[in-house]
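**Student:** Got a structure for you, questions after.
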Amino acid sequence: MHTETVSRQCVAPTGALARLFTPWSCRDVAARNRVVISPMQQYAAHEGLANDWHLIHLARFALGGAGVVFAGATAVEPRGRNTHGDLGLWHDGQIEPLARVAHTLKTHGAVPAIQLGHTGRKGGLQTWWHGHGPLNQADAARGEPAWPVVGPSALPTGEGWPTPEALSVDGIARLVDAYGQAARRAHAAGFEVLEVHGAHGYLIHQFLSPVANTRTDAYGGDALRRQRFALEVAESVRRHWPRQLPLFWRISLADLDSGDLRHEDLTGLCAALRERGVDVIDASSAGGISSYPTRLQSRRSDLDFRADDGQRLRHEAGVQVMAVGNIIVPEQAEALLQAGQADLVAIGREALYNPNWALHAERALGLDNGMAHWPRPYRMWLTRRAASADAVRDAADLRRLQARQHQGASHAGV
Ligand SMILES: Cc1cc2nc3c(=O)[nH]c(=O)nc-3n(C[C@H](O)[C@H](O)[C@H](O)COP(=O)(O)O)c2cc1C
C-alpha cells in the first residue's frame, strides 16, 4: 500500500487574534483566510458540464472574500450522479468548462476547490424542485429518465427506491480508477484543493455502513473490511492528484449516533486516510449511514458542527479538521478555531444568503483595514457609503426609540 505521513506538510497555524483571517497553508497551497465555501450542488449542469451558472455562483464567493471556494459534488461516472443536473468529471471534455471556473476563482483571490462524489444507490433522484424522490415515469416524459444504480449490496435506500446492482470486484476496481481519473481531470482543470465525498449516505459511505453493505468478500464484514473501498479510493486519488496539492475527505460525524460506527472506527478511518495522503477531514454532521432518508435533517440542529467530536478527531487521528454545519456568525467560527476544535470553517447556506460573508466577518471581527479586501471597483464607494449608511441607521434607531417611548408613555397614561 502507498502510504505517507502528511500532517507535517501542513503548516500548523500560529496563535493570533481573529484566527479566521490568518492565512491557511497546506502542502504548496496558501489561502488568504480560513473561510471555506462548503461544496453545494446546484443541479444546473447538462451532461455533467459546468456552465455560466456555476461560474457566476462560485465567483460571487471569491469576490466575497472566502479563502477557499468549493464546487459541489462532481460525479466520477454518470451512474454516480444524484440528479441529471450534477456536475461530472468522467471524461476529458468536462475539463474545459470547469477550468473556466477554477481560473476565475483563482484570479479573484480564492483557492479553487472541487468535491468528487458517487451517489451509489442514492443516484437517479429528482431535483429538489421536482420532489427529490427517485426519478419516475413523469420525469422520463420530461426527458429525465432514471438509470440503473449500483451499491455495495443489492439493498435499496428505502421503500420505493431502486434496488442497486451489487458491484462486482471488477466493477469496484473500475470505480476506484474512475475516482483517480476524475482527480487527474480536476488537476488539469486547475483546481488546487480536492475533496472526496465520503459522507451523507453516498457510495463510499454505503460501503462503510453495516446497513447498506452486507458483502461477505474483502469489501464487507467488520469495520476494517468495510473501509477497504474508501482506502482504495484514497490511494487512487492520491496517485493522480499531485503531491503538492491538499486533499480533503468528507465524513459524517452523525454516524456516531446510530451506534453503527464507534468513535474508534471513525478515528481509525481518518488516521488511515491521513496515511494515504488525506490532509483535512471535512467533518459534516448530516446524513449518518443508517439514517438516510428517513431521519435526514429532521431537526435543524442535526446539522450543527459537533465541535467536541471534531476536536477529538483532530487530536486522535492527527488530521486537520474543517468544521461545517450551522455556522452562522463570525464569532462562532472564530471560537471554533480559537478552541482548537477546527483548522478551517466551511460556510454553506449562510454564504448563499450572503456571498460576502467573509468580508462581513472580517469587519465584524474588527479587521476591516479600510475595506482593503473588498473588490477594488467597490472600495471607495463602499467606504463613503459606510459613513452615510451609519448616519441613516442611527436616525432610524432614534425614530424607533422615540416611537417606543411614545408608546410607553401612552400605555402609562391608560
Ligand atoms: C444547496 C446545497 C447543496 C449542497 N450540496 C452538497 C454537495 O454537493 N456535497 C456535500 O458534501 N454537501 C452538500 N451540501 C451540504 C453543505 O455542504 C453543508 O455541509 C450543509 O449545508 C451544512 O452547512 P451549513 O449549515 O453552513 O449550510 C449542500 C447544501 C446545500 C444547502
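The values are calculated or read from the model by the stated rules, or taken from the named source; none is laboratory data. Note that the structure is predicted; figures quoted are calculated from it, not measured. With ideal geometry, Cβ positions are generated from the backbone for all residues, glycine too; neighbour counts draw on all protein chains shown. Calculation scope for accessible area: heavy atoms of the full protein, side chains included, ligands and nucleic acids excluded. Shrake-Rupley method; radii C 1.70, N 1.55, O 1.52, S 1.80 Å.
**Student:** For the chain, what does -39500 (n - 2.57) per DSSP helix run (n ≥ 4), summed and divided by total residues, give at 222 nm, in deg cm²/dmol to the nearest 500?
**Tutor:** -12000 deg cm²/dmol
**Student:** Could you please state, rounded to a whole Å, how far the C-alpha centre of the range 228-261 is from the C-alpha centre of the range 317-362?
**Tutor:** That distance is 21 Å.
**Student:** Hey, with R₀ at 41 Å, roughly what FRET efficiency would Ala188 and His315 work out to, going by the Cβ-Cβ distance, to 0.05?
**Tutor:** Details: r = 36 Å, r/R0 = 0.88.
The pair Ala188/His315 has a calculated efficiency of 0.70.
**Student:** Right, here's the next one. One quarter of the convex hull surface, Cα atoms only: what value does that give for the chain in nm²?
**Tutor:** 24.0 nm²
**Student:** Can you give me the convex hull volume of the Cα atoms of the range 44-140, divided per residue and expressed in Å³?
**Tutor:** Hull volume normalised by residue count: 96 Å³.
**Student:** Any chance you could run the full-extension gain for Ala386 through Ala409? It's 0.36 nm times the residue separation minus the Cα-Cα distance, nm to one decimal.
**Tutor:** On the way: separation 23, 0.36 × 23 = 8.28 nm, distance 3.41 nm.
Gain on stretching Ala386 to Ala409: 4.9 nm.
**Student:** Which FRET efficiency value, to the nearest 0.05, is calculated for Arg393 and Val169 with the Förster distance at 51 angstrom and r the Cβ-Cβ distance? If you can, show how the numbers build up before the last one.
**Tutor:** On the way: r = 65 Å, r/R0 = 1.27.
That pair, Arg393 with Val169, gives E of 0.20.
**Student:** Here is a follow-up. Pick from Asp282, Asp394, Asp309: which is most flexible by mean-square fluctuation in a GNM of the chain where alpha carbon atoms under 10 Å apart are linked?
**Tutor:** Looking only at Asp282, Asp394, Asp309, the biggest GNM fluctuation is shown by Asp394.
**Student:** Semi-axes of the equivalent ellipsoid for the range 107-238, please: Cα gyration tensor eigenvalues, times 5, square-rooted, ordered largest first, whole Å.
**Tutor:** Numbers: eigenvalues 127, 107, 30 Å².
They are 25, 23, 12 Å, listed from largest to smallest.
**Student:** A follow-up question, please. Whole-Hz ³J(HN,Hα) for each residue in the range 41-54, computed from phi via Karplus 6.51 cos²θ - 1.76 cosθ + 1.60 with θ = phi - 60°, x for glycine and proline: what do you get?
**Tutor:** 4, 10, 6, 10, 8, 10, 6, x, 8, 5, 9, 4, 4, 4
**Student:** Could you rank the peptides 344-350, 403-409 by their average count of other C-beta atoms within 10 Å per residue, with the highest value first?
**Tutor:** 344-350, 403-409
**Student:** Let me ask another. Can you tell me the accessible area per residue over the chain, all protein chains present, probe 1.4 angstrom, in square angstrom?
**Tutor:** 43 Å²
**Student:** Amide H to amide H, which residues 5 or more places from Ile347 or on other chains are under 5 Å from it, using H placed in the peptide plane?
**Tutor:** Residues meeting the criterion, in which the H sits 1.01 Å from N, are Val36, Ile37, Ser38.
**Student:** Determine the dipole magnitude for the range 15-69: charges of +1 sit on the beta-carbon of Lys and Arg, -1 on that of Asp and Glu, nothing else is charged, the reference point is the Cα centre, and the result goes in debye to the nearest 20.
**Tutor:** Once rounded to the nearest 20, the dipole reads 360 debye.
**Student:** Give me the percent of accessible area attributable to carbon and sulfur for the range 28-175, probe 1.4 angstrom.
**Tutor:** Answer for the range 28-175 is 57 percent, counting heavy atoms of protein chains only.
**Student:** Counting alpha carbon pairs within less than 8 Å and at least 6 residues apart, what relative contact order, in whole percent, applies to the chain?
**Tutor:** Details: 864 pairs, mean separation 65.8, N = 414.
With pairs under 8 Å counted, the relative contact order is 16 percent.
**Student:** A follow-up question, please. For the range 201-260, which trypsin sites (Lys or Arg not before Pro) are both in a DSSP coil and crowded by at most 13 other Cβ atoms within 10 Å? Present the calculation step by step, with values, prior to reporting the outcome.
**Tutor:** Details: sites: Arg215, Arg225, Arg226, Arg228, Arg238, Arg239, Arg243, Arg250; in loops: Arg215, Arg243.
Of the trypsin sites (Lys or Arg not before Pro), the ones in loops of the range 201-260 whose Cβ has at most 13 other Cβ atoms within 10 Å are Arg243.
**Student:** A follow-up question, please. Tally up the carbon and sulfur contribution to the accessible surface of the range 375-414 as a whole percent, 1.4 Å probe, everything protein left in place.
**Tutor:** Carbon-and-sulfur percentage of accessible area, whole number: 59.
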